[in-house]
1. Which residues, taken from the stretch 16-64, are assigned to a loop (DSSP other than H, G, I, E, B) and either touching a Phe, Trp or Tyr at 6+ places or on another chain (Cβ under 6 Å) or under 26 Å from Ala88 (Cα atoms) (or both)?
2. Pull out all pairs, ordered by first then second residue, where Cβ-Cβ is under 6 Å, the residues are six or more apart or on different chains, the first lies in the stretch 1-15 and is closer than 11 Å to Ala43 by Cα and polar (S, T, N, Q), and the second is open to solvent by 100 Å² or more (accessible area, probe 1.4 Å) and at pLDDT below 90.
3. Answer with yes or no whether Ala13 is assigned to a loop (DSSP other than H, G, I, E, B) and open to solvent by 60 Å² or more (accessible area, probe 1.4 Å).
Amino acid sequence: RFNELKVGDRINATYNNNVMVRLKPPGEPAVDTAATGDAKSAASGTQAMTRTMTANIVGIDRNASSISFEGPNGWKYSRRVVDPMVFAQVNVGDRVDIIWNTDLTVSVQ
């Protein structure tokens with residue numbers, strides 16, 4: 001809806017990106033999905049995406065407080081771990097589902 005904006009319009013944009021990881025039970029099938037959605041009103045619009053992917057833990061670095069993952073098609077990802085108790089619950093080779101919830105809301109002020 002950018003074509004509705006005019007020079008001088010004031011906008012507010014809010015971006016959220018949440019990542020969750022769930023340890024996958026043995027034998028549970030792998031997933032690789034993405035879903036999008038949007039919501040519009042007279043003065044704002046929101047675009048959202050949820051992505052879920054099964055990945056393997058390929059590295060754990062307790063000193064750097066991070067875990068590295070590898071998923072479908074050679075996809076690689078490392079993430080800082082906030083809660084150090086997580087390291088006691090996972091091992092290299094474990095399978096996990098990584099779930100991203102991302103949304104962007106833009107509103108005209």
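1. Within the stretch 16-64, Lys24, Pro25, Pro26, Gly27, Glu28, Pro29, Ala30, Val31, Arg62, Asn63, Ala64 qualify.
2. Every condition considered, the pairs that remain are Asn12/Gln109.
3. It is false that Ala13 is assigned to a loop (DSSP other than H, G, I, E, B) and open to solvent by 60 Å² or more (accessible area, probe 1.4 Å).
This table checks each residue for (1) open to solvent by less than 60 Å² (accessible area, probe 1.4 Å); (2) in contact with a Pro (Cβ under 6 Å, 6 or more places away or on another chain); (3) at pLDDT 90 or above.
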{"residue": "Asn3", "(1), (2), (3)": "no, no, no"}
{"residue": "Ala30", "(1), (2), (3)": "no, no, yes"}
{"residue": "Asn56", "(1), (2), (3)": "no, no, yes"}
{"residue": "Ile60", "(1), (2), (3)": "yes, no, yes"}
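The values are calculated or read from the model by the stated rules, or taken from the named source; none is laboratory data. Every value quoted in this text rests on a predicted model; they were computed, and no experiment measured them. Methodologically, a virtual Cβ is constructed for each residue, glycine included, from the backbone with ideal geometry; neighbour enumeration extends over all protein chains shown. Surface accessibility is based on the protein's heavy atoms, side chains included, excluding ligands, DNA and RNA. Shrake-Rupley method; radii C 1.70, N 1.55, O 1.52, S 1.80 Å.
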